[in-house]
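One structure is given here, and the rest of the page talks about it.
The values are calculated or read from the model by the stated rules, or taken from the named source; none is laboratory data. This structure is a prediction, so every number in the text was calculated from the model and none was measured. Ideal geometry is used to build each Cβ from the backbone, glycine not excepted, and the neighbour counts take in all protein chains shown.
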Amino acid sequence: MPADQCPRGHLTPTAAERDARGHCRQCERDRAKANRVSDSMRLTMVRAFEDAGVQFVDDDGQPVAAAEVVRQLAALYAAGALPAA
Ligand SMILES: [Zn+2]
């Protein structure tokens, strides 16, 4: 890796522009954007399942266990309540 580049090849003329792992501000911006896209996709999926009747949060505001979410999905699928692909 050239001395003036981060591990992803962005031009970072001085080490002060890189963090402890060698990544630069552009790496951080890229990572933050990827996280926003992932968060958005997860939210879209949760909303689609909630619209179909799946509860991800119980009546006390606590997160529902993953196994319970799967059970709900299976029950909705068996009842024909999920939209067809
Ligand atoms: Zn970088």
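In region 1-41, the residue that is surrounded by the fewest Cβ atoms within 10 Å (Cβ to Cβ) out of those that are within 12 Å of the ligand (Cβ to nearest atom) and within 30 Å of A66 (Cβ to Cβ) is R31. Considering region 42-81, the residues that are among the small types (G, A, S) and under 17 Å from the mean Cα position of the chain (by Cα) include one that is surrounded by the fewest Cβ atoms within 10 Å (Cβ to Cβ), namely A66. Taken as a whole, the condition of being farther than 30 Å from C6 by Cβ, modelled with pLDDT of 95 or more and out of contact with any strand residue (DSSP E or B) (no Cβ under 7 Å at 6 or more places or on another chain) applies to A65. When region 48-69 is filtered for residues that are farther than 13 Å from L82 by Cα and outside any loop (DSSP other than H, G, I, E, B), the ones remaining, listed by number, are V57, P63, A66, A67, E68, V69.
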